[in-house]
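> Take this structure first; my questions come after.
Rule-based calculations on the coordinates, nothing more; no lab input. Bear in mind the structure is a predicted one, so any value in this text is a computation, not a measurement. When we count neighbours, we look across all protein chains shown, and the Cβ atoms used for this are built from the backbone with ideal geometry, even at glycine.
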Amino acid sequence: MQPSIEIFPRGSSGLVADALADTRVVLLTGARQTGKSTLAEQLIQGGGSASTSNLDEAPIREAATNDPEGFIAGLRRPAFIDEVQRGGPDLFLAIKRVVDEDKSPGQFLLTGSANVLRSRRVWEALTGRVEIVNLWPLAQAEIERTTSNFVDALFAGRPPVITDAPIGREALKDRLTAGGYPEARVRNPGRRNRWFDSYLKTTLERDLQDISQAHKLQQMPSLLRLVAAQAANLFVPSKLSQRIGLHRETVDSHVDLLEAIFLVHRLRAWTPGIGQREIRHSKAYVVDTGLLLYLLGADEKRLLEDDQVTGKALENFIAMEIVRLAEWSRDTPSIYHYRRGAEEVDLVLENRAGEICAIEAKASVTLREKDWRQLAKLRDARPDRFRCGVLFYTGEKTVPLGDRLFAVPLSGLWT
């Protein structure tokens, strides 16, 4: 019997609803099995008269690809088209022609498990007509049904005050290993690994073919595991190319594809010019920490006992939780990492007003001044723009660390 999948409220649902109210085409993108179809059906079926088409179904896909004009003309609007990337660029051109003739909002809600905007033809067809909303695997705040948003609290300078968080790594292992894919979360660890194995095979074989003309993608599973091994580190294609035996340009383009199908996410370097030797390489993360640990071959025991795995998994977890929360935050900040020489700050968030917040992650319960030294340096370098700095740790309570600096238990992300 298949495990029961709980339906969680999604933070992005308001973004999609707002977009449908004033935009002709709304594109909901994200990895497979993150709940895009469920969310889209909930929103577009509210009026009861929407048409639904799933391009994963071969007859529907053939109709859409063989006669895109006729297929789109035959849909009752509003129309929900699932896995739209499987219809190819001509389907988007047909949508363009329809919404250019009728500029009413909310005509099409599209979902895609691959970044269809990589195609120039698709981009040109949708520019000015589409709003894009990303749906990531579940955030812990969604799982806990929390209405507050840590990113908003951060820019307000008021991180959550916690007094009784569970202490130590043991309290975090279930969250990190379960991850945020709804289907994976309901399985025990052994069954979860089999789910991830099937998930990756399907995603790599199907979605890559939808967006890439490359025929030699056999190295993708190995490259993904190599990226996982380097997660939370600087992404330097030349180093990866030496390890996997591919040209640097090939590594770069292949990781672009892994990012396009929402398995990998890169954060650019923040380069404000506050000192020499600022490093401009991006950092690469796996979009879900449960998937990361599967790729690393790490179980709960190794997560608890291997400091390298713990540190990598914890930073990956925090970074991707912040990416998720930022999607529906009021400030919608850009997210970066910062490194200057040997000094680094895990995450720097910058909003449109130029205000910045910073985050560091430590897997320890004990706090030492060196743990927040880089946060203090960043605050002192940009005192007028700096709103708040947080050191996430595995202790039990929120601790002020000085002017606009706080240590916060990890549960602050979903409290």
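> Using only the alpha carbons of the chain, what is the convex hull's orientation-averaged projected area in square nanometres?
Numbers: hull surface 83.6 nm².
Answer in nm², one decimal: 20.9.
> Assuming a ≥ b ≥ c are the square roots of the Cα gyration tensor eigenvalues, decide whether the range 13-134 counts as rounded (a/c under 1.5), prolate (otherwise, with a/b larger than b/c) or oblate.
Numbers: a/c = 1.20, a/b = 1.13, b/c = 1.07.
Judged from the Cα gyration tensor, the range 13-134 comes out rounded (a/c under 1.5).
> R0 = 45 Å: FRET efficiency of GLU144 with SER104, Cβ-based, nearest 0.05?
On the way: r = 38 Å, r/R0 = 0.84.
So, using R0 = 45 Å, E works out to roughly 0.75.
> Further question: Please give the Cα centre distance for the range 366-415 versus the range 3-29, rounded to the nearest Å.
33 Å
> Ok, one more. Applying a 10 Å radius around every beta-carbon, put 404-412, 228-236 in order of their mean neighbour count, most first.
With the highest mean Cβ count within 10 Å placed first, the list reads 404-412, 228-236.
> Hey, can you grab everything whose amide H is under 5 Å from the amide H of ALA407? Only 5+ residues off in sequence or another chain; H modelled, so Pro and N-termini drop out.
Here LEU391, VAL399, LEU401 satisfy the definition.
> For n ≥ 4 DSSP H runs only, could you compute -39500 (n - 2.57) per run for the chain, divide by its residues and tell me the 222 nm figure to the nearest 500?
On the way: 19 runs with 167 residues, N = 415.
About -11000 deg cm²/dmol.
> Could I ask something else about it? If the cut-off is a Cα-Cα distance under 28 Å, which lysines reach LYS103, setting aside same-chain residues fewer than 8 apart in sequence?
LYS36
> Based on DSSP, what percent of beta bridges with both residues in the chain are antiparallel, to the nearest 5? Can you show the working numbers first?
Numbers: 19 of 48 bridges.
If we restrict to bridges inside the chain, about 40 percent are antiparallel.
> Where in the chain are the helices, taken as whole DSSP H runs, whose Cα atoms extend 27 angstrom or more along the long axis and whose Kyte-Doolittle mean reaches at least -1.0?
Values: long enough: 307-327 (30 Å, 0.22).
Flagged H segments are 307-327.
> With labels modelled as points extended 7 Å from the Cα through the Cβ direction, what inter-label distance (nm, one decimal) is found for ARG158 paired with ASP174?
My value for the distance between the label points is 3.1 nm.
> As an exercise, take the mean of 1/r over every pair of distinct alpha carbons in the range 107-168, invert it, and state the Kirkwood radius in angstroms.
Numbers: mean 1/r = 0.0635 Å⁻¹.
Taking the inverse mean of 1/r over all distinct Cα pairs, the range 107-168 comes out at 15.7 Å.
> Excluding SER411 itself, calculate the net charge of residues whose Cβ lies under 10 Å from the Cβ of SER411, where each Lys or Arg counts +1 and each Asp or Glu counts -1. The partial results should precede the final answer.
Values: positive: ARG175; negative: GLU144, ASP164, GLU396.
Net charge in that neighbourhood comes out at -2.
> Right, another one. Which of the aspartates and glutamates could a cross-linker span from LYS239 if the Cα-Cα distance has to be under 18 Å and same-chain partners fewer than 8 positions apart are dropped?
By straight Cα distance, LYS239 reaches GLU249, ASP252, ASP256.
> Quick one: if you stick a label point 7 Å off each Cα along the C-beta vector at THR332 and ARG248, how many nm between them?
My value for the distance between the label points is 3.6 nm.
> Taking the Cβ of each residue in ARG340, ARG225, ARG368 as the centre, tally the other Cβ atoms inside 10 Å and list the residues starting with the fewest. Before the final figure, lay out the partial values.
Working: ARG340 21, ARG225 17, ARG368 9.
Ordered from fewest to most neighbouring Cβ atoms within 10 Å, ARG340, ARG225, ARG368 come out as ARG368, ARG225, ARG340.
> Calculated FRET efficiency, GLU343 and ALA73, Cβ-Cβ r, R0 45 Å, to nearest 0.05?
On the way: r = 59 Å, r/R0 = 1.31.
Using R0 = 45 Å, I get an efficiency of 0.15.
> Students often forget the sequence filter, so: which aspartates and glutamates lie under 18 Å Cα-Cα from LYS377 once same-chain residues fewer than 8 apart are removed?
GLU278, GLU343, GLU344, ASP346, GLU350, GLU355, GLU360, GLU369, ASP403
> Would you mind classifying the range 105-221 by shape? Square roots of the alpha carbon gyration tensor eigenvalues, ordered a ≥ b ≥ c; an a/c under 1.5 is rounded, otherwise it is prolate if a/b is larger than b/c and oblate if not. Kindly include the intermediate steps, with their values, before the conclusion.
On the way: a/c = 2.70, a/b = 1.33, b/c = 2.03.
Oblate is the answer for the range 105-221, as a/c is 1.5 or above yet b/c matches or exceeds a/b.
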